[in-house]
Structure formats: C-alpha cells, structure tokens
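For reference, the structure discussed in these notes is given below.
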Amino acid sequence: MEKNGTNAAMAGHGAAWRAVADGHKANVRGITERYRRRRLWFVAGACSIVLAYLVKRIFEGNPVAFGWPALGADAMLWLFPVVLILMMGSVMLMPLANGRSPGVRFSPEEIGIGFSDVRGIDGVLEEVTRTLQIFLTYKSFREELGGNPRRGILFEGRPGTGKTHLAKAMAAEAGVPFFFVSAPTFQSMWHGMTAMRIRAFFKALRKAARKHGGAIGFIEEIDAVGGSRGGTEAFTGIPSAGTSVTRMVSPGSEGMVNELLVQLQSFDTPPWGTRMKNRLIDMVNLYLPAHRQLKKSAPDYSNVLIVGATNRAEALDAALLRPGRFDRTLYFDLPTRRGRRELIDYFLGRRAYNPEMDREDLREEFASMTLGYSPAMLEHVLDEALVWAIRDGRRELTWRDVQRARLSEEIGLAQPVAYTENERRLIATHEAGHATAAYLCAKDRKLEVLSIIKRRHALGLLAHSDLEERFTKTKSELQSTVNIALAGMAAEEIFFGESGTGPSSDLTAATSLVAQMVGSFGMGSSLVSFDAVSNGGHSAPNIVAKVLTDDRAKREVETILREQKDKVAYLLEQNRGLVEALRDALLEHEELMGDEILQVLKEAQKGAPVSA
C-alpha cells in the first residue's frame with residue numbers, strides 16, 4: 001500500500017520551530033533582489049552599447065556581416081605553431097587549474113529537503129534553527145543589537161546520524177546557496193595547491209554571500225584538514241593543559257590547518273574591486289593634507305556560515321574550536337526510542353507496505369528492538385525489507401520482511417547447512433535452553449527470534465531485547481543475563497549428559513559481563529574499581545583482562561559463573577517440558593519469530609506448571 005504524506009504526530013512535536021518564519025528572510029531576500037536589479041542594469045547597459053554600435057554601422061552603410069572568418073591560403077603556416085604554443089601553455093598552467101575550489105554548489109531548489117524531513121534529533125534541530133534565524137537576520141542582530149552572528153558550527157557524531165542531511169535542510173530552509181566539499185579533496189599533489197584550494201573555496205563562499213545575502217559551506221570529515229598540529233607534544237606525548245597528544249602530524253598538514261584558521265577569520269576580506277578602489281584612494285591621499293583625506297570603503301560583512309562534520313572531534317586542532325571560528329559544537333547522538341519511532345513513521349510513509357504495518361504495536365516493537373540504530377541504519381533495514389518482499393514476488397513489505405532484514409543485517413544472511421541428525425537436535429536443545437531461561441528469568445525482555453539456521457559463525461541464535469528502553473541495569477537483571485547465556489550449556493548437559501563446543505561464545509559473553517560486575521560495577525565482594533588502574537601490574541587495556549589477572553577477582557568471577565549455571569540448570573530441569581516443546585518446534589520449523597515462540601511456550605505450560 002502506498003503511503004503519501006506524514007503522520008500528524010510527526011508535525012506535532014516541535015512544530016513551533018520546524019519552519020523558519022518568512023520574516024527572518026527579509027535581509028537575505030533584500031540583498032538578493034538588489035543584486036538581481038544590478039545584474040539587469042549591467043546586461044541592459046552592455047546590450048545598449050552593442051546595439052548602438054550595430055545601428056551606427058547600419059547608418060554608415062557598412063552593416064556587420066555575420067559568418068565564419070576567412071583564414072586565408074597561408075593559414076596553416078601560422079595556425080599549427082599557435083595551437084602548439086597553446087597546448088604547451090595549458091600544460092604549464094595545469095597546476096594553477098588544480099587550485100580551483102573543490103566545492104560543489106547547490107541552489108536551495110536543488111536540495112529538495114527541509115526541516116520537515118529531519119526526524120529523531122529534535123534537540124539538535126532546535127539549536128540549528130535558532131542559529132539559522134540569527135544567520136538570516138544578521139543585519140538587525142549586528143546593527144541593532146550589537147551582536148556577532150555565529151561564524152561556524154561543528155556537527156559531531158557517529159556515521160549515519162544525519163549530519164549531512166541536516167546541513168542540506170539548513171541551506172534549503174535559509175534559501176541561500178549551499179557549498180558542499182569533502183575535506184580530503186582540498187589536498188593536492190602540487191606544492192602550495194592545497195592552501196590555494198582552501199582559499200578558492202572560501203572565496204566562492206564570500207562571493208555567493210555578497211550576491212545572495214548569505215551562503216552556507218559544509219565541510220565533510222573536517223578532521224582530514226583540521227587535525228591537531230604537531231610540535232613538541234606530537235613527538236613526546238607530554239600533556240599540555242590536561243590533554244595528551246601523541247599523534248605525529250606532517251608539516252603539510254600543519255599548513256592546511258593554518259590556512260583553514262586564517263580563512264575562518266577572513267570572511268570580511270574586501271572583493272577585488274573594493275581593494276583596487278582603496279588602493280587608488282591611498283595613492284591620491286599621498287598628495288592631500290590630513291583634513292582633506294578621502295575616506296576608503298570598509299569591507300561589507302560576509303554572511304557566511306561554515307558547518308563542519310566529523311566523528312573525531314577530539315582530533316581537531318584546539319584553535320578551530322574557539323569562539324569566532326566554530327562557535328558551537330552540536331553532538332548527534334543515536335536516536336532514542338521516541339526518535340526511532342518518528343523515523344520509522346517517516347520512512348514507512350515513503351515506502352509501500354502491507355496494511356499490517358499500520359498497527360501501533362508493531363511500530364512500537366520495531367522502535368524498541370532497534371536500540372543503537374542510527375537513522376541511516378533504520379532506513380537501510382526498511383530498504384532491505386523491500387528487497388525481501390520483491391524476492392517473494394510482492395510489491396509491499398510486511399512485518400516478517402522487516403524481521404528478516406534486521407536479522408540479516410545484525411547477524412548475517414542465512415546459510416543453510418546439512419547438520420547431522422544428532423547435531424541438529426543438539427543445537428535445537430541448546431537454543432531452546434536459552435529461550436526458556438529468558439522466558440522464566442527475564443520477564444522484562446521480549447523474545448524476538450529463535451533459530452537453528454546458520455548465520456556467519458552462529459549455528460543458532462536467540463534474539464531478545466528489553467521491553468522498554470533502558471540505560472541502566474540492576475544486579476539481578478545482569479544475573480538474569482548471565483543465566484540466559486549459560487542456559488544453552490546447561491540444557492546440553494541435562495539432555496545429552498555433556499556439553500560440546502557450542503557454548504564457547506556464551507562463556508565469553510558471560511565471563512565478560514561477570515568481570516564487569518566484579519571489577520567495574522561494584523557488584524562483587526569488593527567495591528574497588530579496576531577501571532581506576534592506569535599503571536601497574538594490572539593496567540591491562542580492558543576491564544576483563546584487569547579482573548582476570550587478579551587472583552582474588554578471578555576466583556570470584558568463577559564462583560559467580562558456577563552459581564548462576566547451577567541455578568539455571570535447576571530451573572531448566574524443573575521445566576523440561578518447555579525446553580522440549582521449543583526444541584521440537586525448532587526441529588520442525590527451524591526458525592520461530594516473536595509471537596510464535598510465546599505460543600509454543602504457553603501451549604506447553606498448559607500441560608506442565610512452570611517452576612520459576
């Protein structure tokens with residue numbers, strides 16, 4: 001089913017600042033109109049001169065004849081040397097051509113997105129909108145209020161969190177030219193051309209700002225040209241002002257940073273015509289007395305806003321982040337559950353889907369099971385769901401398509417293999433033990449997928465998630481997670497008398513979690529945190545290594561693991577019927593989804609009461 005338009009809920013939250021008021025664009029539109037009229041007068045004047053010349057020739061009886069020029073019989077004697085000289089000159093001037101601005105200019109009409117297309121980052125969007133409003137009303141902000149508009153803002157965040165998307169929306173809402181450049185494209189093989197490219201980029205920005213009342217420049221991956229400069233610290237790693245810098249930066253990189261710093265501070269450089277005019281005035285003032293000196297023209301304010309994007313803000317030079325350059329840093333975090341729900345509604349509104357996807361519970365479940373997803377990842381999962389639908393000969397995605405797409409993205413594509421009958425039964429029992437323990441021990445978790453189909457290195461899997469988005473865990477909740485991890489091993493021992501190699505990854509996960517409980521979370525017999533160790537015998541790179549190299553802590557980890565394994569083994573022994581029911585269902589269907597898992601468990605409970 002095709003869905004057009006957006007949900008009313010999308011437009012409800014933050015609608016007061018989603019669109020920039022037309023009144024804020026008065027300054028920008030006024031300058032654009034003034035330059036438009038100036039261009040019209042220039043074209044009219046040039047055409048008038050040409051027209052006057054043509055009329056003069058007509059009245060003189062010698063009208064201009066249009067056609068191809070006559071080269072004469074001896075043209076080849078001079079034409080070939082001229083062409084050869086031009087070719088040699090173009091080769092010699094190639095480095096200069098290499099110094100052109102690498103930025104790509106987009107007009108607002110070419111962008112096609114606005115703030116109404118930005119979802120899941122309302123806090124950042126509100127701050128960006130306020131910045132944009134000051135950018136558009138820069139004249140009144142400067143002349144009436146005496147303030148200095150922001151020169152630049154830095155977008156920091158993980159890949160796929162919407163930094164470039166929001167920058168495009170800013171340019172579309174502002175109605176000014178948008179210049180996009182990837183920072184590595186500034187670099188050139190010719191000496192000095194990198195700095196020239198940076199200057200050319202900012203020159204193009206200033207020129208567009210004078211003509212249109214403003215311009216926005218977006219530098220993607222700005223850390224490629226704005227990395228911290230070298231010096232004594234770069235070689236010794238000695239801390240300075242509380243910061244330790246251990247990277248070595250080449251002199252060429254320092255030159256790029258220096259040029260970028262200069263250009264960020266030089267927005268108000270006067271254009272060529274104004275500089276020539278002031279130079280002429282200087283020459284005249286040499287012959288005039290002090291009280292008769294001519295006044296030079298001050299440079300007009302260039303209304304330029306620079307937006308830098310990076311996921312490595314700590315690598316940037318400190319001078320870039322001071323006020324007057326990048327005045328504000330905005331962090332793009334992964335969307336919350338509410339933000340993911342907004343994104344899901346928005347993305348589904350642009351795709352064909354089955355009417356079942358209109359169900360509120362399914363959309364809420366999709367939002368809850370995608371904790372840690374970026375907006376780009378969410379959109380990609382829905383695109384992959386459409387691919388699954390097309391594979392099945394359908395023209396709309398379903399909930400099962402979404403589940404399969406998410407599973408294939410997180411764990412990998414299914415790789416059916418021919419298990420032996422005993423191995424297949426062992427894997428089914430192992431995964432049934434995980435699911436039964438999750439059902440009995442963790443009432444706050446939702447069972448999503450139970451499978452014995454091989455994916456990457458996993459012969460089978462249980463996918464489960466929190467019912468509600470959580471940022472903290474209690475000790476009992478972490479113990480339940482350990483129980484679930486060890487339940488597969490316990491189930492193998494109960495039904496087969498011994499365990500195989502399958503639980504190796506489960507033991508790794510359980511050991512890592514218990515080591516954090518003992519050495520970092522204070523949930524063991526000691527409140528000492530191993531995270532506080534930076535130097536010494538236990539200064540390993542991660543908390544697990546720190547804990548396991550301490551004999552006392554290692555014994556405590558071992559004790560907790562055995563206690564939790566014995567506990568979950570007793571629980572599974574008392575509820576063998578649930579494990580057997582899930583095992584048999586897996587042997588029959590190979591893969592069970594959410595409600596199917598619960599249905600098997602509830603039917604098994606009817607015949608055998610659950611002992612928790």
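The values are calculated or read from the model by the stated rules, or taken from the named source; none is laboratory data. Computed from a predicted model, the values in this text were never measured in an experiment. Positions of Cβ are generated from backbone atoms using ideal geometry, with glycine treated the same way; all protein chains shown enter the neighbour counts. These accessible areas exclude ligands, DNA and RNA; they are computed on the full protein's heavy atoms, side chains included. Shrake-Rupley method; radii C 1.70, N 1.55, O 1.52, S 1.80 Å.
Name the residue, out of 429, 436, 420, 472, that is of a type outside the set (Lys, Arg), over 30 Å from residue 353 (Cβ atoms) and touching a Leu at 6+ places or on another chain (Cβ under 8 Å).
Numbers: 429 fails: touching a Leu at 6+ places or on another chain (Cβ under 8 Å); 420 fails: touching a Leu at 6+ places or on another chain (Cβ under 8 Å); 472 fails: touching a Leu at 6+ places or on another chain (Cβ under 8 Å).
Being of a type outside the set (Lys, Arg), over 30 Å from residue 353 (Cβ atoms) and touching a Leu at 6+ places or on another chain (Cβ under 8 Å) holds for just one of 429, 436, 420, 472, which is 436.
Across region 285-300, what is the total count of residues that are among the small types (Gly, Ala, Ser) and assigned to a helix (DSSP H, G or I)? Before the answer, list the steps.
The first filter runs over region 285-300 and keeps only residues among the small types (Gly, Ala, Ser), leaving 290, 297-298.
Going one step further and asking which of them are assigned to a helix (DSSP H, G or I), we end up with 290.
Summing the residues that are among the small types (Gly, Ala, Ser) and assigned to a helix (DSSP H, G or I) in region 285-300 gives 1.
Kindly evaluate residue 488 against the criterion of being touching a Lys or Arg at 6+ places or on another chain (Cβ under 9 Å) and either surrounded by 15 or more Cβ atoms within 10 Å (Cβ to Cβ) or under 18 Å from residue 561 (Cα atoms) (or both).
Numbers: touching a Lys or Arg at 6+ places or on another chain (Cβ under 9 Å): no; either surrounded by 15 or more Cβ atoms within 10 Å (Cβ to Cβ) or under 18 Å from residue 561 (Cα atoms) (or both): yes.
Against the criterion (touching a Lys or Arg at 6+ places or on another chain (Cβ under 9 Å) and either surrounded by 15 or more Cβ atoms within 10 Å (Cβ to Cβ) or under 18 Å from residue 561 (Cα atoms) (or both)), residue 488 does not qualify.
Tell me yes or no: at least one residue of region 367-380 is open to solvent by 50 Å² or more (accessible area, probe 1.4 Å), more than 27 Å from residue 167 (Cβ to Cβ) and in a loop (DSSP other than H, G, I, E, B).
No - not one qualifying residue is present in region 367-380.
In region 381-430, how many are in contact with a helix residue (DSSP H, G or I) (Cβ under 6 Å, 6 or more places away or on another chain) and assigned to a strand (DSSP E or B)?
1
Would you confirm whether or not region 534-549 contains a residue that is among the hydroxyl-bearing types (Ser, Thr, Tyr), at pLDDT 90 or above and open to solvent by 80 Å² or more (accessible area, probe 1.4 Å)?
No, region 534-549 contains no residue that is among the hydroxyl-bearing types (Ser, Thr, Tyr), at pLDDT 90 or above and open to solvent by 80 Å² or more (accessible area, probe 1.4 Å).
Kindly establish whether residue 451 is under 23 Å from residue 560 (Cα atoms), at pLDDT 85 or above and of a type in the set (Gly, Ala, Ser).
Answer is no for this residue.
When you check residue 317 against the structure, is it open to solvent by 70 Å² or more (accessible area, probe 1.4 Å) and modelled with pLDDT of 75 or more, yes or no? Please lay out each step first, then the result.
On the way: open to solvent by 70 Å² or more (accessible area, probe 1.4 Å): no; modelled with pLDDT of 75 or more: yes.
So residue 317 fails the test.
Looking at this structure, is residue 338 over 30 Å from residue 147 (Cβ atoms), open to solvent by 20 Å² or more (accessible area, probe 1.4 Å), not in a helix (DSSP H, G or I) and not polar (S, T, N, Q)? Explain how you work it out, then say what you get.
Numbers: over 30 Å from residue 147 (Cβ atoms): yes; open to solvent by 20 Å² or more (accessible area, probe 1.4 Å): yes; not in a helix (DSSP H, G or I): no; not polar (S, T, N, Q): yes.
Judged against the criteria, residue 338 is not a match.
Kindly list, by first and then second residue, each pair from a residue in region 36-57 that is more than 15 Å from residue 211 (Cα to Cα) to a residue that is of a type outside the set (D, E, K, R), limited to pairs with Cβ atoms under 7 Å and residues at least 6 apart or on different chains.
Short answer, once both residue conditions are applied: 54/64; 57/63; 57/64.
So which of 239, 184 is on the phi < 0 side of the Ramachandran plot, exposed (fewer than 12 other Cβ atoms within 10 Å of the Cβ) and modelled with pLDDT under 70? Even if it seems obvious, please write down each step before you answer.
Details: 184 fails: modelled with pLDDT under 70.
It is 239.
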